[in-house]
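Notes follow the structure.
The values are calculated or read from the model by the stated rules, or taken from the named source; none is laboratory data. Worth saying up front: this structure is predicted, and the values here are computed from it rather than measured. The accessibility values were calculated without ligands, DNA or RNA, using every heavy atom of the protein model including side chains. Shrake-Rupley method; radii C 1.70, N 1.55, O 1.52, S 1.80 Å.
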Amino acid sequence: HGGMTELVGSGNGSGSAQVLHCLLRQVADSGRFLALVDGADSFDVDAAEAEVLARLLWVRCSKTDEALKATDLLLRDRNIPLVVLDLKLNPEHELRRIASSIWFRFGRLVEHHGTTLLVIPPQSMVGAADLRVQVESRLDLKSVAAGPAAVVDGLQFQMLRTMVEGG
């Protein structure tokens, strides 16, 4: 059963990168694979362990339209159960040009192929999202020094939208 989730992380240090790294770790620990479409070639590969990277298909893009094309292709491939589209650092003028029909096409592909798509934009923009969550970081130097678990504990999530099946 696929679905499309939007994880809105406004501004630098919002916590979306920490969520992504946690997700990568969980996927690797479960022996599954994840495709990351990196819209602005900003993924910090040095922050991930080798066993996590072994379970990652990293698609490096320099423009939003490249990232959308790559995501479209990956959603059509039934071998990839989880696709992350990271647009957080893409320029606002490129993001404004994304037609709403793209998100509805992605939603249909996700539904048809049973893929899960996580979109990480800097502001809410995915009209066809089944779930929309805002992440905010309440980090201080003490929690950063304490390590990844403390960093994740310092994140706050707010549910912005939930689509109920059949309604």
#### Entry: Relative contact order for region 17-79, counting Cα pairs under 8 Å that sit 6 or more residues apart, in percent
36
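So, for region 31-146, what is the accessible surface per residue at a probe of 1.4 Å, expressed in square angstrom? Numbers along the way, then the final one.
Numbers: 6240 Å² over 116 residues.
Roughly 54 Å² per residue, with all protein chains present.
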### Query
Ignoring ligands and nucleic acids, what accessible area does Trp58 show with a 1.4 Å probe (Å², nearest 10)?
70
